[in-house]
Amino acid sequence: MRTTTRRSWIPLAVGLVVVIVLAILPLLNLQIPGILPGPTYTPGSLALMSLCMVFAALALSYNLLLGTAGMLSFGHALYFGAGAYGLGIVLQAAQLPLVPGIFAALLGGLVIAVITGAVAMRVNGIPFAMVTLAFAQAGSVLVRRNQAITGGEEGLSLNTDGVPDWLVGVVNTRNLYWVSLAVVVIVYLIVLWVDRSRLGHLAAAARENDLRVRVLGLQPTRAKLIVFVIAALCASLAGIAYLLLQSGTQPTAVGADLTITVLVMVVLGGVGFRWGAILGGVLYTILDQRLTVLARAEGIQQLPDVLRVPLSEPLFILGVLFILVVMFLPGGIAGTVDSWLRRRRGRGGTVAGLDDIDMQDAVPEMAR
């Protein structure tokens, strides 16, 4: 019992240390060549790290769908865009201050999630994924066609009249970094609470065997809808942070391509692992940003065409990396580490995750 208690405190202690270190990074003069464009206190590095945190939060929200409830969605970006565009439209049209505007944007994301989720939950598996894709495509069309409200193809700029001065401008990138860090922490705590709650146990049990859960007299569809809505709200919160960080948003924030990108992040980090989703979001974002810089490097441009053309396309390199991970690390980075640790401890059986639910106990827990 003492060993189990000690192990349960280890992730909490490690997470607290990581958050503290990340919080003081803007106050330090650290350089990571090849990853950050400059010292950690400079606006460029802070903006990149903030973007990593925004997408880490988005990946966490998607992992709640796919990893916990087993719902493959191709429309999760709709709720990210709802947060970004919702806040932007409210600040521009209603002239609300930032805090009421955030609550209004989250309320809008909640309404959209409840309506679309209730419709999508009528089917399962691939049909569910196709329905969510259809909703995302509809949202993308609405954003692109309503230029007077959303800015159309040019995107929507942030109206800073209702935004506090300490969140506006390059000089305040440090404050935006701390806001992004706070968003990641909030989303992580929400996901952790869901995973360890009766709601999360029921959703996880339904993922493993929906029929068995129904035989017990439980309602897995309702639980999965609640998880769906919570994941959508977390995505909307990440979208709000994205709008503040980028001082605007674009139609790509609503498109299905972003959902595919987030899916890659989660698979890269490890489906079903909270820290894996964070790692996947951070790693993908850094690679995407830094490979774009590498593609324009003089050394790459001087290579023969057979090498220069593929190396000049960051998406090609990321695609190759994704294929290698799927082939040689089928559990993602976190799943591979978890398997290795379990082998060292002499444990056999299926790996559920270092910080995730024991699926074998999910149904009995809910039955009690």
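The values are calculated or read from the model by the stated rules, or taken from the named source; none is laboratory data. Given the structure is predicted, the values throughout are model-derived calculations rather than measurements. Neighbour counts run over all protein chains shown; Cβ positions are idealised from the backbone, glycine included. The area values use the complete protein model at the heavy-atom level, side chains included, leaving out ligands, DNA and RNA. Shrake-Rupley method; radii C 1.70, N 1.55, O 1.52, S 1.80 Å.
A few remarks follow.
- Extent along principal axes [Cα atoms of the stretch 99-174; Å; largest to smallest]: 48, 25, 21
- Highest to lowest packing among 220-232, 268-280, 318-330, scored as the average C-beta count within 10 Å: 268-280, 220-232, 318-330
- Heavy-atom surface analysis with a 1.4 Å probe gives the chain a carbon and sulfur content of 66 percent of its accessible area.
- Distance (nanometres) between label positions extended 7 Å along Cα→Cβ at residue 124 and residue 315: 3.4
- On a per residue basis, the chain carries 50 Å² of accessible surface, using protein heavy atoms and a 1.4 Å probe.
- Taking only Cα atoms of the stretch 180-236, radius of gyration then Dmax in Å: 12.8, 43
- Backbone N under 15 Å from the residue 171 label point (7 Å along Cα→Cβ), restricted to the stretch 42-60: 43
- Most positive-pole-ward Cα, 13, 256, 32, against dipole of the chain from beta carbon charges: 13
- Residue-span extension gain [residue 95 to residue 21] - 0.36 nm each, minus C-alpha spacing: 23.0 nm
- Helical segments meeting 30 Å axial Cα length and Kyte-Doolittle -1.0 threshold in the chain (DSSP H): 2-24, 98-120, 125-145, 173-196, 220-246, 274-295
- Cα-centre dipole for the chain with unit charges at Cβ (Lys and Arg positive, Asp and Glu negative), debye to 20: 1240
- Estimated dipole of the stretch 63-205 in Debye, rounded to 20 [Cβ of Lys and Arg +1, of Asp and Glu -1, Cα centre]: 400
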